[in-house]
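These notes concern the structure reproduced below.
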Amino acid sequence: MSEQAKSTPIHFVASDGESHVPKAMSAAGTQWAESTGFAAKEGEICLIPSLDGSIEAVLFGIGKQSNPNRSPLLAGLLPVRLPEGRYHYVIEDVLAEDDQALFLAVLAWHLGAYRFDRYKENSKPMPELDWPEGVDREDVLRQAKGSNLARDLINIPANDMGPDELEAVTKGLVDTHGAILTVIKGEALLEHNFPMIHAVGRASPRAPRLLDFVWGDESAPKVTLVGKGVCFDTGGLDLKPSSSMLLMKKDMGGAANVLGLASMIMSAQLPVRLRVLIPAVENAVSGNAFRPGDVLQSHKGLTVEIGNTDAEGRLVLADAMALADEEEPELMIDMATLTGAARVALGPDLPPFYSDDADLVASLSAESRSQWDPLWNMPLWPGYDGNLSSDIADVNHISTGGFAGSITAALFLRRFVDKSRSWVHFDIYGWAPAAQPARPKGGEAQAIRAIYSHLKEKYAK
């Protein structure tokens, strides 16, 4: 008996097809499906029993096949809802019509099978999926592992994921792929001219630091990733209410996603010279915390008036981005859980991104659609730049009004990018408030599959 024959078939069934039961189904199976009222609605599952009590087949409803908004990631529901065992997709059904849909259906299984059980005593085994022919197994696992790395880092609470632990994870990734890591820590940040990273993190007993690693051929196109690594954010002296601190372990979601993306790039051996910069800090409260109204020097030389200590992420990013810009990379990408304004505008599932590069915007938008990794381009509207004016410094780091908070944050960051040929900023949430297909509740990888696909298309030809 073949390996495939030992597993249970999963039939993908459309509600607008000729029949809700595949032609290959046994008479008993057909009768069972019809008697249960299986209608192939989106996410509907019908388990067909065999005479020995095992499962003969699984019918999985995908809704209307003619629906242009039908998500191929719907298959992410299967590992959550099916009993333990081995399964395989029957690709002669609707999956045979589209190679990308099949790829995403397999990826969805592996994304949907993610569980964060680090602190659980018992863990129930998950069902397993056999690999369909023609699917790039390595790329599925690469994207799933990168996404799940980001999820893990966000989900780990701040007592176990501070700057030290984030550095250790980065060191492990660097060692795995043969990259070179440099760490500038504590008072050395001032010696190397990173005053804003130091100022944001100095109030914590866990020393602030800048993690900086490089990988790849030095002569290859330079791609630089910058991720906000605020491992916990109290708000500083502009203290958050307790209800707003509950999810602040996720304030290093930018760093988590950047590391997940970097793992994909290095695993795929993309022909780029990769640099990753992560300012890792904890925004805490003590006698030496930076204050509202302070004026900070920046790595670039601009002076920055502090409008609110709870807008610390853009400060640490700015120092790291200024360093990245000195190298004149072909592409700089920064990612951060930066503003509540982005969530008010677009909700938790649709991250905005900002760039002046029209070709890059078009490519990322297309990859977002093809990979079902939601993104929405927002404008770097120059009319709001004046809202960052300061009477005593070169710039205030927050808007003088309460409007367009995500846009003005992006405009602030743009002041620290002069030499990079192209730059894009992602204001992600990094969290799934409720479970969805292929997206368990909790820490979430956002935008990195679309970015990876863009980089692969651009450089791996």
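Given all pairs of different Cα atoms, what value in angstroms does the Kirkwood hydrodynamic radius of the chain take?
Details: mean 1/r = 0.0427 Å⁻¹.
Final number for the Kirkwood radius of the chain is 23.4 Å.
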Report summary line: accessible surface per residue for the chain, probe 1.4 Å, DNA/RNA/ligands not counted, whole Å² -> 42 Å²
Query - Ordering of 71-81, 194-204 by packing [mean C-beta count within 10 Å, highest first] - result: 194-204, 71-81
Report task. Could you order peptides 367-379, 264-276 by the average number of other Cβ atoms within 10 Å of their residues, highest first? Result -> 264-276, 367-379
Report task. Once you have the Cα-Cα distance between D385 and N67, take 0.36 nm times their residue separation minus that, and quote the gain in nm to one decimal. Result -> 110.3 nm
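Around N396, what is the net charge, scoring Lys/Arg as +1 and Asp/Glu as -1 over all other residues with Cβ under 12 Å from its Cβ?
Values: positive: R314, R415; negative: D294, E305, D385, D391, D394.
With Lys, Arg at +1 and Asp, Glu at -1, the neighbours total -3.
Suppose R0 equals 30 Å; then what is the FRET efficiency for A24 and L141 from their Cβ-Cβ distance, rounded to the nearest 0.05? Display every interim value, and only then the final one.
On the way: r = 30 Å, r/R0 = 0.99.
About 0.50, to the nearest 0.05.
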**Report entry** Accessible area of segment 1-64 belonging to carbon and sulfur atoms, whole % at 1.4 Å probe
**Finding:** 54 percent
Query raised in the report: Cα to Cα, under 19 Å, and not fewer than 8 places away if on the same chain: which lysines meet these conditions relative to K120?
Result: K249, K441
**Report entry** Net +/- balance of residues flanking G29 in space, Cβ distance below 12 Å, scoring K and R +1, D and E -1
**Finding:** -1
Query raised in the report: So how do T339, T176 rank on accessible area, 1.4 Å probe, biggest first, that is with the largest at the start?
Result: T176, T339
Report summary line: The helix 358-371 Cα axis meets the longest alpha-carbon principal axis of the chain at an angle in degrees, between 0 and 90 and rounded to 10, of 30 degrees
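Using only the Cα atoms of segment 327-383, construct the convex hull and provide its projected area averaged over every direction, in square nanometres to one decimal.
On the way: hull surface 20.2 nm².
Result: a mean projected hull area of 5.1 nm².
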Report task. Could you list the residues of segment 420-437 with an amide nitrogen less than 20 Å from a label point located 7 Å from the Cα of D356 in the Cα-to-C-beta direction? Result -> 420-427
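Summing +1 for each Lys or Arg and -1 for each Asp or Glu, what net charge is found among the other residues whose Cβ lies under 11 Å from the Cβ of L350? Let's see the in-between values first.
Values: positive: R343; negative: D349, D373, D427.
Taking every other residue near L350 into account, the sum is -2.
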Query raised in the report: Using 7 Å Cα-to-Cβ label points, what is the A96/N193 separation (nm, one decimal)?
Result: 6.5 nm
Query raised in the report: Taking all protein chains as present, what is the carbon and sulfur share of the accessible area of segment 335-383, in % to the nearest whole number, probe 1.4 Å?
Result: 63 percent
Query raised in the report: Rounded to the nearest 500, what is the chain's calculated 222 nm mean residue ellipticity when only DSSP H runs of at least 4 contribute -39500 (n - 2.57) each, over all residues?
Result: -9500 deg cm²/dmol
Query raised in the report: So, with +1 on the Cβ of K and R and -1 on the Cβ of D and E, and no other charges, what is the size of the charge dipole of segment 259-311 about its Cα centre, to the nearest 20 debye?
Result: 340 debye
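With +1 on the Cβ of every Lys and Arg and -1 on the Cβ of every Asp and Glu, and nothing else charged, how large is the dipole of the chain about its Cα centre, in debye rounded to the nearest 20?
Values: 42 positive and 61 negative charges, 127 e Å.
Dipole magnitude for the chain comes out near 600 debye.
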Report task. Kindly flag which residue pairs out of K240/K300; K145/K171; K41/K124 have an alpha-carbon separation exceeding 22 Å in this structure. Result -> K240/K300; K41/K124
Report summary line: Relative contact order of the chain (C-alpha contacts under 8 Å, at least 6 apart) in percent is 15 percent
Query raised in the report: Among G386, G402, A447, whose Cα lies farthest out toward the positive end of the dipole of segment 377-461, if unit charges sit on the beta carbon of Lys, Arg (+1) and Asp, Glu (-1)?
Result: A447
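Mind pulling up the Rg/Rh value for segment 247-358? Radius of gyration and Kirkwood radius, both on Cα.
On the way: Rg = 15.8 Å, Rh = 16.2 Å.
With Rg and the Kirkwood Rh in hand, the quotient comes to 0.98.
The values are calculated or read from the model by the stated rules, or taken from the named source; none is laboratory data. Note that the structure is a prediction, hence the values are computed from the model and not measured. When we count neighbours, we look across all protein chains shown, and the Cβ atoms used for this are built from the backbone with ideal geometry, even at glycine. These area figures cover heavy atoms from the full protein model, side chains too; ligands, DNA and RNA do not enter into them. Shrake-Rupley method; radii C 1.70, N 1.55, O 1.52, S 1.80 Å.
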